[in-house]
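Below is one structure; the comments refer to it alone.
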Amino acid sequence: MNIAVDETTAAQDEQAPTRNPRRKRHLLLLGVAALLIAAVVFGLYWMTVGHYLEQTDDAYVRADWIPISPKVSGYVAEVMVEDDQPVKAGDVLVRIEARDYQARLAQARAQLAESQASVAAQEANLHVTDSLIAQQKAGVAQAEAHARSVAAELRRASLDQRRYEGLVRDHAASTQRLETAAASYTQANAAVEIAKAMQLQQETRLTVAVTRRQLAQASLQQQIARRSQAEARLNLATHALEDTLIRSPIDGVVGQRKVRTHQYVAPGLPLLAVVPVQQAYVVANYKETQLRHMRAGQPVDISVDSYSGRKLKGHVVSFSPGSGAVFALLPSDNATGNFTKIVQRFPVKIVIDEHDEGGPILPGMSVITTVDTRPDKQGAAHD
């Protein structure tokens, strides 16, 4: 029995060396085939998708936050918001003591009432002057009619005098009758002179009345101008009183709150900031060599570093008109000294299409952006 077992073991040992190389060869072929398949798959992916993806980690969340400053000076009566508090457009943020501005508003209203009364008085004066002018025009017309009447009487008296002079020479009328005609002529001549003087007097009065109307009209315009000034002062006082309530211009979240109650504030002094968190966008600084196929409207995948694995969708909106070096405080001058070529980066603005419920996207967060530059994806973010 021992001899038989030994023979079987010896036969298995002889076959083992022949099977191990064959198994290794099969495993090697399978590995090479898997690598070839993986290379083909990766090559297809690279040619169809990966070649068009432009990625950068030099990207950050931004928001056009607004610094809040007062338009009027005074002591802060009440701060209506807390740090990091969400606010709506029109909500009161800070209230400034308004007693002085209420007094100025009352004073402006009184000045406006006085100006309106002066305008009404001048308008009444102008109406009276118009009535005087109408009256004087009637007096001038009456004087002219009277002058024409006495002129006609003078002509009649002159003809009578001439007629009686002829009759007296022919002894057909008495001398007394001629004297009466001469006296009538003298009276008519005097009446004409009086009528002319009265007509001149009426015309002079009319000229005076017209001049008075011009003065009244000028005074009325002056009072109207003063009323406009009073209305402007009233509007300024009204606006100043309204500005004692500092309101939020947009929806957002309160940040950088520096104002405190009883603090004296002046126009232009920054009190706090309102950050429109829901309007946050991304600024990605891409290399100039990555911008060749980038266009506005292309879709973007956004990965937020603060939330591992969280993906957001966005699209390219615009490109900066210059690189960061162009707008630097101290831009480099490559025309001096030795030159070293450095690839420049250009800010690209990316809008987030939708915010999910995974947590707030706050300005300053770091993100990784991947732009899909495939031609068929142009404008896909807006579809």
TODO: Scan segment 209-231 residue by residue and report those that are aliphatic (A, V, I, L, M) and either without any contact (Cβ under 8 Å) to a residue 12 or more places away in the chain or more than 22 Å from THR129 (Cβ to Cβ) (or both).
DONE: LEU215, ALA218, ALA225, ALA230
Task: Top-ranked residue of segment 253-284 - restricted to ones that are part of a strand (DSSP E or B) and either among the aromatic types (Phe, Trp, Tyr) or at positive phi (or both), ranked as surrounded by the fewest Cβ atoms within 10 Å (Cβ to Cβ) - done: TYR264
TODO: Considering only segment 329-358, state which residues are modelled with pLDDT of 80 or more, touching a Lys or Arg at 6+ places or on another chain (Cβ under 9 Å) and assigned to a loop (DSSP other than H, G, I, E, B).
DONE: VAL343, GLN344, ASP353
TODO: With respect to LYS287, determine if the residue is in contact with a Lys or Arg (Cβ under 9 Å, 6 or more places away or on another chain) and either exposed (fewer than 14 other Cβ atoms within 10 Å of the Cβ) or among the basic types (Lys, Arg) (or both).
DONE: yes
- [ ] Within segment 341-354, count every residue that is within 16 Å of LYS287 (Cβ to Cβ) and surrounded by fewer than 10 Cβ atoms within 10 Å (Cβ to Cβ).
- [x] 3
TODO: Kindly indicate which of TYR75, TYR60 is over 30 Å from ALA296 (Cβ atoms), aromatic (Phe, Trp, Tyr) and not assigned by TED's automatic domain parsing to the domain that holds ASN235.
DONE: TYR75
Open item on the list: Checking the conditions here, which among GLY255, GLY297 is closer than 22 Å to HIS315 by Cα and small (Gly, Ala, Ser)?
Closed with: GLY297
Task: Complete set of residues in segment 269-291 that are within 30 Å of GLY322 (Cβ to Cβ) and within 27 Å of the chain's Cα centre (by Cα) - done: PRO270, ALA273, VAL274, VAL275, PRO276, VAL277, GLN278, GLN279, ALA280, TYR281, VAL282, VAL283
Open item on the list: If I filter segment 300-317 down to residues being basic (Lys, Arg) and not in a loop (DSSP other than H, G, I, E, B), which single residue comes out as farthest from ASP353 (Cα to Cα)?
Closed with: LYS311
Task: Within segment 62-119, strands (runs of 3 or more DSSP E) holding 1 or more residues that are surrounded by 14 or more Cβ atoms within 10 Å (Cβ to Cβ) and of a type outside the set (A, V, I, L, M) - done: 74-79, 92-96
Task: Which listed residue, of ARG148, ARG213, is surrounded by 15 or more Cβ atoms within 10 Å (Cβ to Cβ), modelled with pLDDT of 75 or more and assigned by TED's automatic domain parsing to the domain that holds ALA121 - done: ARG213
Open item on the list: With the structure loaded, tell me whether ALA34 is modelled with pLDDT of 95 or more and part of a helix (DSSP H, G or I) or whether it fails that test.
Closed with: no
Open item on the list: Out of the residues in segment 297-340 meeting the condition of being farther than 17 Å from ASP58 by Cβ and among the small types (Gly, Ala, Ser), tell me which one is surrounded by the most Cβ atoms within 10 Å (Cβ to Cβ).
Closed with: GLY297
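The values are calculated or read from the model by the stated rules, or taken from the named source; none is laboratory data. Note that the structure is predicted; figures quoted are calculated from it, not measured. Using ideal geometry, Cβ is built from the backbone for each residue, glycine included, and neighbour counts are taken over all protein chains shown.
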